[in-house]
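The values are calculated or read from the model by the stated rules, or taken from the named source; none is laboratory data. Not measured: the values here are computed from a predicted model. Positions of Cβ are backbone-derived with ideal geometry, glycine not excepted, and every protein chain shown enters the neighbour counts. Ligands, DNA and RNA are excluded from the accessible area calculation, which covers all protein heavy atoms including side chains. Shrake-Rupley method; radii C 1.70, N 1.55, O 1.52, S 1.80 Å.
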Amino acid sequence: MKICVFGAGYVGLVTAACLAEMGNSVACLDVDGQRIAALQRGEVPIHEPGLDGLIHRNAAADRLLFTTDAAAAVAHGTVIFIAVGTPAGEDGAADVDAVLAAASTIGRHMRDYKVVVDKSTVPVGTADTVRHLIAQELARRDVALPYAVVSNPEFLKEGAAIDDFMRPDRVILGCENEQAGLLLRALYAPFLRNRDRMLMMDVRSAELTKYAANAMLAARISFMNELAALAERLGADIEAVRRGIGADSRIGTHFLYAGCGWGGSCLPKDVKALARMGAEAGVQLAILDAVQAVNQRQRRLLVDRVVARFGDDLRGHLFALWGLAFKPGTDDLREAPSLIVVQELVERGARVRAFDPAAMPRAQHLWGTLPEIALVGDPLTAVEGASALLVVTEWREFRSPDFVSMRARMRSPVIFDGRNLYEPEMLAGMGFEYVGVGRAAPMAPASAAVIHPPGAQAPTDPMERKILQSEAVA
Ligand SMILES: NC(=O)c1ccc[n+]([C@@H]2O[C@H](COP(=O)([O-])OP(=O)(O)OC[C@H]3O[C@@H](n4cnc5c(N)ncnc54)[C@H](O)[C@@H]3O)[C@@H](O)[C@H]2O)c1
């Protein structure tokens with residue numbers, strides 16, 4: 001099938017590359033000339049596992065091309081995906097200007113039947129506006145051409161985007177036109193071979209489904225973060241609680257991790273936009289206000305903990321940050337909790353040394369010229385001379401670090417673990433002052449760490465370890 005994709009960002013590139021991989025002929029269009037020039041040279045502007053290979057292979061096979069030529073791209077595609085950005089506007093509502101510009105462009109250049117597929121996350125009713133704008137452009141040219149506008153929100157996760165697109169949990173299609181529905185069923189059939197997971201519905205329900213999904217995910221995390229605060233007060237461990245409720249098949253295990261807040265290119269703006277949609281429709285979505293308020297507090301949690309431990313004046317302190325991207329597997333820094341942490345530490349006079357496995361080029365772009373922030377090439381260098389380590393993103397390579405080397409390098413062995421990667425008792429036993437999120441397990445200060453004589457086996461039973469530690473503290 002002949003496809004055009006508007007937008008060469010995270011969603012547009014993945015959509016274009018995956019559709020080309022199935023044998024379709026895809027023209028990917030962007031208004032950013034530099035981005036397109038880089039893609040034409042074979043440079044992929046984002047970090048997404050597996051994407052480079054797909055792009056190179058399909059470009060070499062002439063199934064995937066990149067262009068800024070809107071007329072040619074629109075002429076190429078019978079199915080035209082709109083996958084441009086919809087950032088939060090001033091008032092929290094989604095800014096759909098790029099989507100509307102794409103719609104007008106399509107109307108201006110189309111010469112035959114088109115199925116216009118809205119993949120961008122857009123407020124309910126946007127498909128109607130897209131339809132209207134295309135009609136307006138056609139009327140201006142005084143031509144009558146058939147076309148359909150459908151909603152096909154995207155649910156891929158950055159960091160696992162290729163897999164999500166190739167093997168989707170579901171494909172939502174908001175479509176009220178039979179011919180367009182058949183075309184899209186055929187286009188998606190190769191991705192749904194083992195089980196039909198296409199859910200057909202009306203356009204407005206499809207548009208709302210995307211916001212509902214992201215708001216639900218954000219609500220789960222914020223709920224766990226509120227409970228984490230309570231667990232700390234009550235002497236419970238949120239990790240045990242998480243396992244306890246996640247084992248309930250009605251609840252499930254995903255998006256239950258307490259931590260230093262959610263961010264990224266989607267959840268913050270989508271929750272905001274949904275709340276705004278509610279307000280505009282006269283329906284106050286009170287739960288979303290709470291979900292956002294909890295997250296604002298949570299994103300400051302690490303800084304609050306640093307201040308509680310080291311004071312408000314952080315001059316003379318160096319802090320190591322592990323992880324800058326808003327989640328593992330991506331280089332995306334949009335609304336990442338790390339941005340707040342870095343800014344607040346620096347404002348208090350601290351120096352920051354940070355490492356991230358993928359986001360260093362983007363971080364360099366943001367902070368490269370600031371003397372207070374050093375971006376280093378590995379996690380151990382980051383902790384050298386640090387007053388504390390702050391774990392901000394749960395990259396796999398941070399899960400089992402060399403604690404002995406870390407301790408030897410740090411000025412004080414303090415770890416603020418914003419993602420609950422480590423076991424409090426184990427770290428206390430190794431002489432670290434360890435603070436997780438919602439974890440009330442006993443924290444032995446460094447001076448009270450249990451030292452086992454050479455040759456003696458450390459007890460493996462957690463209860464026995466606990467008793468030994470409390471004896472050491474007493
Ligand atoms: N990133 C994700 O994980 C994700 C997941 C699901 C849905 N979404 C949604 O998908 C949409 C795109 O998100 P993204 O992260 O890919 O955005 P992005 O910012 O990475 O990319 C958007 C691209 O669109 C281009 N663009 C803007 N106006 C254009 C126009 N008129 N014609 C052609 N190109 C144009 C921009 O130059 C940019 O390269 C958003 O609505 C987002 O909410 C994103």
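So here's what we get for this one:
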read-out	value
Residue that is under 16 Å from Cys18 (Cα atoms) and charged (D, E, K, R), where the choices are Arg41, Arg57	Arg57
Residue list for the stretch 68-103, restricted to those being more than 8 Å from the ligand (Cβ to nearest atom), under 30 Å from the mean Cα position of the chain (by Cα), open to solvent by 20 Å² or more (accessible area, probe 1.4 Å) and more than 21 Å from Arg334 (Cα to Cα)	Thr68, Leu100
Failed item in (1) open to solvent by 40 Å² or more (accessible area, probe 1.4 Å); (2) more than 22 Å from Leu192 (Cβ to Cβ); (3) among the acidic types (Asp, Glu); (4) touching a strand residue (DSSP E or B) at 6+ places or on another chain (Cβ under 9 Å), with Glu43 passing the rest	(4)
Search result, residues across the stretch 383-411 that are of a type in the set (A, V, I, L, M) and either more than 24 Å from Asp304 (Cβ to Cβ) or surrounded by fewer than 21 Cβ atoms within 10 Å (Cβ to Cβ) (or both)	Val404, Ala408, Met410
Residues of the stretch 18-40 satisfying the condition of being more than 26 Å from Pro328 (Cβ to Cβ), open to solvent by less than 60 Å² (accessible area, probe 1.4 Å) and out of contact with any Asp or Glu (no Cβ under 6 Å at 6 or more places or on another chain)	Leu19, Ala20, Gly23, Asn24, Ser25, Val26, Ala27, Cys28, Leu29, Asp30, Gly33, Ala37
The one condition in (1) surrounded by 14 or more Cβ atoms within 10 Å (Cβ to Cβ); (2) within 16 Å of the ligand (Cβ to nearest atom); (3) modelled with pLDDT of 95 or more that Asp169 fails to fulfil	(1)
Neighbours by Cβ (under 9 Å, 6+ apart or cross-chain): first from the stretch 194-206, loosely packed, with under 14 Cβ neighbours inside 10 Å; second of a type in the set (Val, Ile, Thr)	Leu199/Val171; Leu199/Ile172; Leu199/Thr209
One residue from Val124, Val130 being open to solvent by less than 20 Å² (accessible area, probe 1.4 Å) and either in contact with a His (Cβ under 7 Å, 6 or more places away or on another chain) or in contact (Cβ under 8 Å) with a residue 24 or more places away in the chain (or both)	Val130
Selected residue (criterion: nearest to Ala127 (Cα to Cα)) from residues of the stretch 192-232 that are among the polar types (S, T, N, Q) and within 14 Å of the ligand (Cβ to nearest atom)	Thr209
Qualifying positions in the stretch 104-159 - in a strand (DSSP E or B), among the β-branched types (Val, Ile, Thr) and within 15 Å of the ligand (Cβ to nearest atom)	Val116, Val117
Pairs with Cβ under 8 Å, 6+ apart, first in the stretch 268-292 and under 17 Å from Arg220 (Cβ atoms), second open to solvent by 70 Å² or more (accessible area, probe 1.4 Å) and within 14 Å of the ligand (Cβ to nearest atom)	Pro268/Glu335; Gln292/Lys272
Test result for Met224, buried (at least 17 other Cβ atoms within 10 Å of the Cβ), aliphatic (A, V, I, L, M), touching a Lys or Arg at 6+ places or on another chain (Cβ under 7 Å) and in a helix (DSSP H, G or I)	yes
Yes/no for Tyr188 being in a helix (DSSP H, G or I), without any contact (Cβ under 8 Å) to a residue 24 or more places away in the chain and open to solvent by less than 20 Å² (accessible area, probe 1.4 Å)	yes
Single residue of the stretch 1-38 satisfying the filter (more than 24 Å from Pro168 (Cβ to Cβ) and of a type in the set (A, V, I, L, M, F, W, C)) that is farthest from the ligand (Cβ to nearest atom)	Ala37
Test: residue in the stretch 46-59 that is at pLDDT below 95, open to solvent by 40 Å² or more (accessible area, probe 1.4 Å) and within 13 Å of the ligand (Cβ to nearest atom)	yes
Residues that are of a type in the set (D, E, K, R) and either under 19 Å from Ser151 (Cβ atoms) or touching a Lys or Arg at 6+ places or on another chain (Cβ under 9 Å) (or both), drawn from the stretch 74-128	Asp91, Asp95, Asp97, Arg108, Lys114, Asp118, Lys119, Asp128
Pairs where the first residue, in the stretch 140-166, is within 19 Å of Val115 (Cβ to Cβ) and the second is among the β-branched types (Val, Ile, Thr) and part of a loop (DSSP other than H, G, I, E, B), C-beta under 7 Å, 6+ apart	Pro153/Thr121
Output for the stretch 146-166, where each listed residue is in contact with a strand residue (DSSP E or B) (Cβ under 8 Å, 6 or more places away or on another chain), closer than 16 Å to Cys18 by Cα and open to solvent by 30 Å² or more (accessible area, probe 1.4 Å)	Phe155
Among (1) at pLDDT 95 or above; (2) not in a helix (DSSP H, G or I), the one test that Arg407 misses	(2)
Cβ-Cβ under 6 Å pairs, at least 6 apart or on other chains, the stretch 98-113 side under 15 Å from Cys4 (Cβ atoms), far side of a type in the set (Ser, Thr, Tyr)	Val99/Ser120
